[in-house]
């Protein structure tokens with residue numbers, strides 16, 4: 001997919017979407033990307049099987065489809081490897097992310113305006129990850145209201161600086177990625193992989209949030225691992241990242257204790273969309289493994 005020269009300093013931009021078993025969500029995101037005021041120079045769908053994407057993804061939408069083993073980190077790495085030598089910016093969107101029509105133009109403008117920025121995330125109008133999820137119509141309505149009421153065309157600005165970025169809507173300057181990789185020791189959904197990847201770039205440039213990128217994360221619940229596996233990852237992954245040096249102890253402790261508390265307090269009156277008892281069991285299996293000295297993120301595959 002080739003774009004005409006647009007604001008953004010002539011930077012080439014690629015969008016990488018790692019997806020598994022949700023072709024309907026992919027189709028919706030492809031339609032949104034086709035309506036961008038600044039289209040991507042390359043659009044990559046990283047999948048495990050061709051059935052993961054709509055059959056017209058390549059012919060109608062200009063997407064490049066790359067297939068390989070399952071796992072968010074492995075899939076994002078395959079997409080990154082495909083574009084890093086060709087594009088100046090790589091954007092990672094979850095398949096259930098709904099971008100405003102100015103999203104890619106805003107990303108390009110941020111990187112062109114702030115040369116010391118290594119990575120960025122955007123403003124979410126809503127995030128359905130901690131709820132039953134946001135319906136397509138509701139997400140579309142939020143975007144439409146934003147586009148009708150918010151000032152358009154203003155210079156990009158940085159809202160805040162961070163040590164980690166949110167994986168549903170993050171973008172990086174490829175020249176600052178260097179040898180950084182998504183850690184494939186974090187299997188399947190790879191909880192906290194976004195924080196780990198971003199931390200590898202902290203010494204190379206700023207990690208920021210900018211309202212030049214706006215969208216909605218629907219938080220679709222299909223295509224995720226079992227809740228017991230997720231509960232295990234809630235302990236195993238932060239411990240692994242502390243040892244690796246990409247997650248601070250204080251942040252990891254808050255993360256783990258917060259999840260353990262939520263899973264136990266809500267186990268007997270759980271949200272309809274969460275198996276709190278499954279997560280609680282996963283927490284305790286991980287704690288036992290930590291005591292026995294065998295805790296590792298990949299052990300969740302045995303649950």
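Compute the angle between helix 227-244 and the longest alpha-carbon principal axis of the chain, please, reported from 0 to 90 degrees and rounded to the nearest 10.
80 degrees
What are the semi-axes of the equivalent ellipsoid of segment 158-227, taken as the square roots of 5 times the eigenvalues of the Cα gyration tensor, listed largest first and rounded to whole Å?
Computed over segment 158-227, the values are 22, 18, 9 Å.
Can you tell me which of 53-66, 184-197 comes out highest on packing, and rank the rest after it, using the mean Cβ neighbours within 10 Å?
Numbers: 53-66: 16.1, 184-197: 22.8.
Ranked from most to least packed, the peptides come out as 184-197, 53-66.
Test of understanding: express the Cα radius of gyration of segment 195-266 as a ratio to 2.2 N^0.38 Å, with N the residue count.
For segment 195-266, the normalised Cα radius of gyration comes out at 1.35.
Once you have all Cα-Cα distances for the chain, histogram them in 10 Å bins from zero and send the whole-percent values.
6, 27, 36, 23, 7, 1
Give me the Kirkwood hydrodynamic radius of segment 227-294, using the inverse of the mean 1/r over all pairs of distinct Cα atoms, in Å to one decimal.
Answer for segment 227-294: a Kirkwood hydrodynamic radius of 12.1 Å.
Would you mind pulling out the separation of the Cα centroids of segment 13-35 and segment 85-126, in Å?
Here the two parts' Cα centres lie 15 Å apart.
How big is the antiparallel share of DSSP beta bridges in segment 44-176, given as a percent to the nearest 5? Can you show the working numbers first?
Details: 8 of 12 bridges.
Within segment 44-176, antiparallel bridges account for around 65 percent of the total.
What does DSSP give for the chain in terms of the percent of beta bridges that are antiparallel, rounded to the nearest 5? Don't skip to the answer; put the middle values down first.
On the way: 14 of 36 bridges.
Bridges in the chain that DSSP calls antiparallel: roughly 40 percent.
Please compute the Kirkwood hydrodynamic radius of segment 144-263 from all pairs of different C-alpha atoms, in Å with one decimal.
Details: mean 1/r = 0.0608 Å⁻¹.
16.4 Å is the Kirkwood radius here.
So what is the relative contact order for the chain, in percent, with contacts set as C-alpha pairs under 8 Å and at least six apart? If you can, show how the numbers build up before the last one.
Details: 612 pairs, mean separation 60.4, N = 303.
The normalised contact order for the chain reaches 20 percent.
Show me the three semi-axes of the equivalent ellipsoid for segment 34-128, from the C-alpha gyration tensor (sqrt of 5 times each eigenvalue), largest first, rounded to whole Å.
Rounded to whole Å, the semi-axes are 23, 16, 14.
To the nearest 10 degrees, how steeply does helix 276-291 sit against the main Cα axis of the chain, on a 0 to 90 scale?
70 degrees
How do the peptides 168-180, 264-276 rank, highest first, by the average count of neighbouring beta carbon atoms within 10 Å per residue? Write down the numbers at each step before the final one.
Numbers: 168-180: 19.3, 264-276: 13.5.
Highest-to-lowest ranking by the protection proxy: 168-180, 264-276.
Using just the helices of the chain, give the 222 nm mean residue ellipticity in deg cm²/dmol: DSSP H runs with n ≥ 4 each add -39,500 (n - 2.57), and the total is spread over all residues, rounded to 500.
The helix-only estimate for the chain comes to -12000 deg cm²/dmol at 222 nm.
Angle check, please: helix 249-265 long axis (alpha carbons) against the longest principal axis of the chain (alpha carbons), in degrees 0 to 90, nearest 10.
With both axes taken from Cα atoms, the answer is about 70 degrees.
Could you give the spread of the C-alpha atoms of segment 10-169 along their three principal axes, from largest to smallest, in whole angstroms?
In descending order, the Cα extents are 40, 37, 31 Å.
Indicate the gyration tensor shape class of segment 90-141 (rounded, prolate or oblate), computed on the Cα atoms with a ≥ b ≥ c the square roots of the eigenvalues: a/c under 1.5 is rounded; otherwise a/b larger than b/c is prolate and the rest oblate. Show your work: numbers first, answer last.
Details: a/c = 2.95, a/b = 2.15, b/c = 1.38.
Prolate shape, in that a/c is at least 1.5 and a/b is the bigger ratio.
Each value in this text was obtained by applying a stated rule to the coordinates, not by laboratory testing. Keep in mind the model is a prediction, meaning the values are calculated, not measured. Neighbour counts are summed over all protein chains in view; Cβ atoms, including those assigned to glycine, are modelled from backbone coordinates with ideal geometry.
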